[in-house]
Amino acid sequence: MKKSLNNNSGSLGLYFLLAIFITSCPTISLWAQNPGALPTLSTTKTDSTNKTNTADWEEAQVNISAQHSSSKKEVIIDTSLLFLHQRPYTQAWTSNLGNLGSATQSWLISNNSYTGPTLRRHVNEVYLLQADSLLYYNTTKPFTIFNYQMGSKNENLLRLLHTQNIKPNFNMAFQYHKLTSPGFYKAQRNNHDLVSINAHYKSNNQHYELWSAFIYNGLQQDENGGLLDLSKLNDIRYADKKTFPIVFQHDDYSTTRSAVTNVQKETIFHLKQTYALGHTDTIWSKDSTHFNVQLKSRFSFQHQLDFSSKNTNYKDLRPDSTYYHSWFDRTFNAVDSVYSKQVWTKFDNQFLVKTTLGNLQHPFEFQAGVGARIDQLSNALNNAADKSNLFSNYLVAQLDRSAKDVKGFSIHGYVQFITTGTARGNHTLRIQLEKAISHQLGNIQIGLLQNQSIAPFQFTNFVSNYYAYTKDLKTPFHNQVYIRWKQDKLHLNFEVRQHVISNYIYLNAQRQVSQADQTIALTQFLVSKHFQYKRFINTNELLITQLKADDPFAIPSFASKHQLAIQTPAFKNAMQFAGGVEGLYHMAYYGNGYAPLFQQFYIQKTTQINSQINVSLFLNVKVKKLRAYIMFDQIQQLFGIQNLQAINYASPDFSMRFGFNWNLVN
């Protein structure tokens, strides 16, 4: 029997509130996507010679640039005031289980392009610091970013970044994230600690360059198993959501913590170095007071070394035989517990040769090489590990051609192909062509993403102290073609993604590993349109998904984000204000369930999540380098409209958040 979840009583009251608010409040807005990661700095090249050189913190501008180790392109981070308030980690059509730091899922299908053996466990990836996403800086003064968010129910998020040049050609950066969130419902506490230290060095003669990084990711998630009776969400007896009955209800263990936890710990070391052949030119300034050394190179060598160790731990100190009946039959006593541990250790060593053709200002760059890696995957219980050692050799190549002028085209390509070992034949291919058609017609990108990798270890081998399975699964294949069109003059973006997926692996409604026996074809359309009239701003984003009813995905056929806002200066431009109302809407769909034992979402086609709208109000303020905001989330709940994040997982209650971002120069 099919059924629907969530209570939409009070819809007319919600629309009436919005009408009153829009007509009476001068600061109004609706939702917009923020690419929003921690660094909220952009490249500012201004004269700071009048800055006093003291040891005190100052609000001053600084010459700073940032790049990824894999690209020479300078990264300019969005620092706009309008999107400051938006939650990190849940943009780009991503949602969690109703509490900051919990498992996430996305409606936007993506090709992760990971080649070869992997553990899986992707539900927490949005929180992790990764070696390939770290930024490497160059700054004239020590620079620090404080980013802090405080919300209802003791929600806290601190993101700290400090970077400084030890020498003009040697920079170091330190980053720390601390997330704690007990949540609105019982036993759903999350506690994450993430640390990164990275360095960038370039020799005085420009020939040698080094990037290095150390990363630690520690994530702790209490699991409450979801809510027991959703029909009581609006029951006045449970006005305090902490009293609402949950699946893992163990008051004898703790009234605040859960007896069921998932803990993930990861350590990453990254080292990349290049040596370029060629000659250097000394370029003097017009007044001959200083000079720059520029290297002209057409040939270079690159070495990259990566080591990572990840372990995931599941523990249930108060197991209930009813909950585990889908996997095994067991009667537990008071001292029994259920636990599992999976470990993935990876060592990757890579050598490449790079050549540069054509004009050095707009070159055609090609690099190719070989790599060797060792993957050790295991189920570790009581220090007796069941280990699988996988050895692989691979070929890798990359090409980049930048446009010579605004009417030219650029091309970017990457391929990795595993030639030996268990994963032989696994590969990743990425190609993108980009061209600016004209000022009237805008810019167009056409791309191909293709990935074939052996089934993740979590799906082929799993062991707990009471339950184990081994699966012989076919190799999944994912092919994605996309077209993006961007028209800056009209503030219009359009993208279409066509996915063809075979041998797709997922958890079915019985929370068992399953593999699709037919090829899946689905299409997604993304449209964004920005309107502006004087100080009023309206941003709209649409996500349209075309897929079959029995496809193993939980995505609404239509979802939209909207923003209506006013942004204005005040006090003779000493301050900037932006504020308003934002909302997210989606049509009814069969939502995912969540299985804490595997820390994965599962597909079910019996229970629908009804169409929903989430509404929030915000006010953002900027004074010099300080930006702050106050936000009211889940406004619709004031009118009895309770939304769901996943099956049996409700959205948080009406809440308030406050946060600030402060860029400091020493």
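Candidates in the stretch 598-621 are the residues that are surrounded by fewer than 22 Cβ atoms within 10 Å (Cβ to Cβ) and not polar (S, T, N, Q); of these, the one that is farthest from Thr79 (Cα to Cα) is Lys605.
For the criterion of being closer than 25 Å to Arg627 by Cβ, at pLDDT 95 or above and touching a helix residue (DSSP H, G or I) at 6+ places or on another chain (Cβ under 9 Å), His177 passes. So for the stretch 655-662 (the condition being open to solvent by 20 Å² or more (accessible area, probe 1.4 Å), in a strand (DSSP E or B), in contact with a Gly (Cβ under 8 Å, 6 or more places away or on another chain) and closer than 15 Å to Phe184 by Cβ), does at least one residue qualify? Yes; the residues of the stretch 655-662 include at least one that is open to solvent by 20 Å² or more (accessible area, probe 1.4 Å), in a strand (DSSP E or B), in contact with a Gly (Cβ under 8 Å, 6 or more places away or on another chain) and closer than 15 Å to Phe184 by Cβ.
Residue-level check: of (1) open to solvent by 60 Å² or more (accessible area, probe 1.4 Å); (2) under 23 Å from the mean Cα position of the chain (by Cα), Val527 misses just (1). The strands (runs of 3 or more DSSP E) located wholly in the stretch 570-636 that include 3 or more residues which are out of contact with any Lys or Arg (no Cβ under 9 Å at 6 or more places or on another chain) occupy 575-586, 612-623. Restricting the stretch 461-484 to residues that are more than 26 Å from the chain's Cα centre (by Cα) and not in a strand (DSSP E or B), the residue that is surrounded by the most Cβ atoms within 10 Å (Cβ to Cβ) is Tyr466.
Condition first: part of a strand (DSSP E or B) and crowded, with 20+ Cβ neighbours inside 10 Å. Can you find one or more residues in the stretch 232-245 that meet it? Among the residues of the stretch 232-245, not one is part of a strand (DSSP E or B) and crowded, with 20+ Cβ neighbours inside 10 Å, which makes the answer no. Scanning the stretch 131-150 for residues that are part of a strand (DSSP E or B), open to solvent by less than 30 Å² (accessible area, probe 1.4 Å) and either closer than 25 Å to Ile268 by Cβ or modelled with pLDDT under 95 (or both) yields Tyr136, Tyr137, Thr139, Phe143, Thr144, Ile145, Asn147.
Residues of the stretch 308-353 that are open to solvent by 40 Å² or more (accessible area, probe 1.4 Å) and either aliphatic (A, V, I, L, M) or part of a strand (DSSP E or B) (or both): Asn313, Lys315, Leu317, Ala334, Val335, Tyr339, Lys341, Phe347, Asn349, Phe351, Val353. A single entry from Ala516, Ala509, Ala521 fulfils the requirement of being in contact with a Gly (Cβ under 9 Å, 6 or more places away or on another chain) and either hydrophobic (A, V, I, L, M, F, W, C) or at pLDDT below 95 (or both): Ala509. Of the set (1) over 30 Å from Gly591 (Cβ atoms); (2) modelled with pLDDT of 95 or more, all apply to Thr115 but (2). Taking residues in the stretch 362-375 that are at pLDDT below 95, and partners anywhere that are polar (S, T, N, Q) and open to solvent by less than 40 Å² (accessible area, probe 1.4 Å), the pairs with Cβ atoms closer than 6 Å and at least 6 places apart or on different chains are Pro363/Thr356; Glu365/Thr356.
Restricting attention to the stretch 454-484 and to residues that are among the basic types (Lys, Arg) and closer than 18 Å to Pro552 by Cβ, the residue that is modelled with the highest pLDDT turns out to be Lys474. Only a single item in (1) farther than 30 Å from Tyr339 by Cα; (2) open to solvent by 30 Å² or more (accessible area, probe 1.4 Å); (3) at pLDDT below 95; (4) not aliphatic (A, V, I, L, M) is not met by Gln487, and it is number (2).
I'm trying to understand the selection: among the residues of the stretch 310-332, which are without any contact (Cβ under 8 Å) to a residue 60 or more places away in the chain and of a type in the set (S, T, N, Q)? Asn313, Ser321, Thr322, Thr331 - these are the residues of the stretch 310-332 that are without any contact (Cβ under 8 Å) to a residue 60 or more places away in the chain and of a type in the set (S, T, N, Q).
Scanning the stretch 258-276 for residues that are hydrophobic (A, V, I, L, M, F, W, C), in a strand (DSSP E or B) and closer than 30 Å to Phe248 by Cα returns Val260, Val263. Regarding Asn205, is this residue open to solvent by 50 Å² or more (accessible area, probe 1.4 Å) and touching a Leu at 6+ places or on another chain (Cβ under 8 Å)? For Asn205, the condition - open to solvent by 50 Å² or more (accessible area, probe 1.4 Å) and touching a Leu at 6+ places or on another chain (Cβ under 8 Å) - is met. Scanning the stretch 189-203 finds one or more residues that are touching a residue at least 60 places away in the same chain (Cβ under 8 Å), among the basic types (Lys, Arg) and more than 20 Å from Ile166 (Cα to Cα).
Just to be sure before I move on: is Gly421 over 23 Å from the mean Cα position of the chain (by Cα) and either in a strand (DSSP E or B) or at pLDDT 90 or above (or both) in the structure I sent? Taking the combined requirement at face value, the residue satisfies it.
The values are calculated or read from the model by the stated rules, or taken from the named source; none is laboratory data. Source: prediction; values computed, not measured. Cβ atoms come from the backbone with ideal geometry, glycine included; neighbour counts cover every protein chain shown. Surface areas here come from the heavy atoms of the whole protein model, side chains and all, with no ligands, DNA or RNA. Shrake-Rupley method; radii C 1.70, N 1.55, O 1.52, S 1.80 Å.
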